[in-house]
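Reviewing the structure listed below.
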Number of protein chains: 2
Amino acid sequence: MVKRRISLKDIAKELGVSISTVSRGLRDHPDISDELILRIKELAMLRRYTPNPMAMGLLKQRTRMIGVIVPDLVTHFFSSVISGIEEVAKEHGYFVIISSSYECYQKERENIENLMKARVEGFIVCLSQETTDYSHFEQIIDAEIPLVFFDRVCLKDKVPTVTVDNFAASRRITLHFHENGARRIAYISGPETLSISKERKAGYLVGLDECGLEFKSEFLEECDLSPQSATNAVHRLLMLPFPPDAVFGINDTVVFAAMKEIRKAGISIPEDILLAGFTDEFHATVVEPTLTSVMHPTLDMGRIAARLFFEQTENDRVQPKSIQLETTLVVRNSSVKKSKA
Amino acid sequence: MVKRRISLKDIAKELGVSISTVSRGLRDHPDISDELILRIKELAMLRRYTPNPMAMGLLKQRTRMIGVIVPDLVTHFFSSVISGIEEVAKEHGYFVIISSSYECYQKERENIENLMKARVEGFIVCLSQETTDYSHFEQIIDAEIPLVFFDRVCLKDKVPTVTVDNFAASRRITLHFHENGARRIAYISGPETLSISKERKAGYLVGLDECGLEFKSEFLEECDLSPQSATNAVHRLLMLPFPPDAVFGINDTVVFAAMKEIRKAGISIPEDILLAGFTDEFHATVVEPTLTSVMHPTLDMGRIAARLFFEQTENDRVQPKSIQLETTLVVRNSSVKKSKA
DNA sequence: CTGAAAGCGCTAACAG
DNA sequence: CTGTTAGCGCTTTCAG
């Protein structure tokens, strides 16, 4: 179907020289005369010669492909991290193959298997929320295939990671709520399996403590990150005899669902209840009131993940680095009472 | 760095047979004894042998990779189409390499160039909004490399396409507005270069006509799909001496921006102005009021695009098909006055 | 029933 | 300064 692409052989034949001469000429080998180099390059340009990556791959045992696995594609956070990864990958002449685990452990495993078959040189991964067994990653490590985790991580002693300071961020939100008059602060967490869930919860607890607020277990809800389960969680919070006067959630999707449910209950934000989210999706500025949220340095996260990746391909195995980035709390209308604003 | 993967040679050596015997055994060649086949397969399994795709690629001149180029990744519409493509691609044992043009013509060209170098077998593309020159695609066609366009298309006489019935959809919105009492219907279009812009505008015009409404050029705005330019467009509409009583936009992003601006002007939706969007992003249900929008069959769009792709790889060149899918108008609160609802 | 050899496109060591 | 050869992993004749 597809026409065969031009090869060194074609150029060699047309020029009446050997294949290796062309190969060398194209790469400015000092053994080839300047004049011949010129003729070779000219013809190669004319015929639009580009080296066959499969031949190169076979020879060098490198594919220049990175497998990236994210829990989903639609979230702005992941798209943005991917952009960062691609930027650095391109600088190194690498391609990125993106797969989505759809938050599903089984799919995550399949993706890895498929990408291994395709001979990606390594992986950059954000764990699916279902993942509690890490054996598929341990296999990658044992095979000495480069691997980097970002945001949701595991096996930190063996694998380089890029994360944000989740603890600080959720502590910050808690303090922010308190400063704005909240005394009954609730938090909707994600699955306990995720590192981000644990860290954000810890920040919440310490934050409460620093504000002199008592932790109430009924104010700590958990959801599976789906809008539906977030809705249920908020519903339970609102049904409490003494409901919270501030709520934040593990990400903006959760908080958007919360917003809907709160509105449905006829409760006003921020008058009756303060609200804040995580990740700062684009839509945080679209909703009414605009949503206070923790902004992640997404592009940098991607760039750094890619750099950690290349450190592995280029150097010999070193102690894995864990890089933690800072977040910014972007205060908007949902967490500040109008009278104060 | 990476350990060499197991090859046929390794298995052959271990079994004391030749490479070709192993190759045949693995594929149940009738010439090989059942007993040997069994031993070969067993060892292959044990050693986790998987064929080297680069060797296969070299031999067969196929990479089993499809290059997909979309204007952006964050939009739910594109992520969802990609899921559809991936689904069908996987059935055929193909991989998808996703690139974003970021709505930029230059990037679109670069992406194609890079993917060509990587020897993708063909392309599935949604045009960037900047693209008016199609020579890069004509090169692909001339090289007889499979190509499919979806949603935003061009060169329909040479390239198979999947689109939605944009004309019908925007005509439908216009009628819907009219049924709900609107008499001054405005439309915020996208760049005239895009097929979807032209078609949706045409539907708007015919819709107006059918409702017995006169077309007013000041009600037809254009934007570059960015929130900022959408905001400006709405602003101009609201500043008119006789502003519109209904507005729809070429996509939901545009309409979200519009919503913000309308709210800022202290105008209520849907009481003072009806609103509707296109593409039905997830967030359409998050905003207040919930947004009426045209729902696209995104997954199917992806699936069909992939099928059209494989028709090209499998058959000889045929007359390119243009497939048009139907949309659904999802009516929510933004386009129906409360009194009526 | 099995092996040897050629070739896909390329580079690098070895010859001239 | 240039050509020959081997080999990356695999399939496919062609020979046994």
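Read the figures in this text as sums done on the coordinates, not as results from a lab. Note that the coordinates shown come from a computational prediction; the quantities given were computed from them, not determined experimentally. So basically every Cβ, Gly included, is an ideal-geometry build from the backbone, and we count neighbours across all protein chains shown.
Points worth noting:
- Counting Cα-Cα pairs of the range B:161-254 in 10 Å increments starting at 0 gives whole-percent bin shares of 18, 51, 29, 2, 0.
- Inter-copy spacing of A:S23 label points, which lie 7 Å from Cα along Cα→Cβ, given in nm from shortest upward: 2.1
- For the range B:1-104, the equivalent ellipsoid built from the Cα gyration tensor has semi-axes of 39, 15, 12 Å, listed from largest to smallest.
- Residue-span extension gain [A:E113 to A:S226] - 0.36 nm each, minus C-alpha spacing: 38.0 nm
- Across the range A:227-341, the convex hull enclosing all Cα atoms gives 134 Å³ per residue.
- The label-point distance for A:V331 and B:K158, in a model that sets each label 7 Å from Cα toward Cβ, rounds to 5.8 nm.
- Ranking B:A276, B:V331, B:V120 by how far each Cα lies toward the positive end of the dipole of chain B (charges on Cβ) leaves B:V120 at the top.
- Estimated [θ] at 222 nm from DSSP helical runs (n ≥ 4, -39500 (n - 2.57)) normalised by residues in chain A, nearest 500: -13500 deg cm²/dmol
- Computed across chain A, the Kirkwood radius stands at 22.7 Å (inverse of mean 1/r, all Cα pairs).
- Think of chain A as having a plus end and a minus end, set by charges on the Cβ of Lys, Arg, Asp and Glu; of A:M301, A:G190, A:L38, A:L38 sits farthest toward the positive end of this dipole.
- Given charges at Cβ of Lys, Arg, Asp, Glu: the protein assembly as shown dipole, positive-most of A:Y49, A:S7, B:I98: A:S7
- Averaged over the residues of peptide B:50-59, the number of Cβ atoms from other protein chains lying within 10 Å of each residue's Cβ is 6.
- Candidates A:L147, A:L175, A:L15: whichever shows maximal mean-square fluctuation once chain A is modelled as a Gaussian network with Cα springs under 10 Å: A:L15
- For the residue pairs A:K90/A:K158; B:K90/B:K321; A:K338/B:K264; B:K156/B:K321; B:K60/B:K158, alpha carbon separations beyond 20 Å are given by A:K90/A:K158; B:K90/B:K321; B:K60/B:K158.
- Alpha-carbon Rg/Rh ratio, for the range A:223-266, with Rh computed the Kirkwood way: 0.93
- Across the range B:276-341, Cα-Cα distances exceeding 14 Å account for 66% of all pairs.
- Given charges at beta-carbon only (K, R positive; D, E negative), |dipole| of the range A:86-182 in Debye: 140 debye
- All Cα-Cα separations within the range B:97-144 were binned at 5 Å from zero, giving a P(r) of 5, 21, 35, 27, 11, 1, each value a whole percent of the pairs.
- Whole-number D in µm²/s for the range B:208-288 (Stokes-Einstein; Kirkwood sum over Cα pairs; 4 °C, 1.567 mPa s): 99 µm²/s
- Taking the centroid of alpha carbons for each part, the range A:178-227 and the range B:107-166 are 48 Å apart.
- Among the trypsin sites (Lys or Arg not before Pro) in the range B:196-246, those placed in a DSSP loop whose Cβ has at most 16 other Cβ atoms within 10 Å are B:K216.
- Efficiency of FRET from Cβ geometry, A:K198 and A:H29, R₀ 51 Å, rounded to 0.05: 0.35
- Largest-first principal axis extents, alpha carbons of the protein assembly as shown, Å: 80, 65, 56
- Relative compactness, the range B:54-190, computed as alpha-carbon Rg over 2.2 N^0.38 Å: 1.26
- In nanometers and ordered shortest first, the copy-to-copy spacing of the A:L155 label point, defined 7 Å from Cα toward Cβ, is 4.4.
- Label-to-label distances for B:M45 across copies, nearest first, come out at 5.7 nm, using points 7 Å from Cα in the beta-carbon direction.
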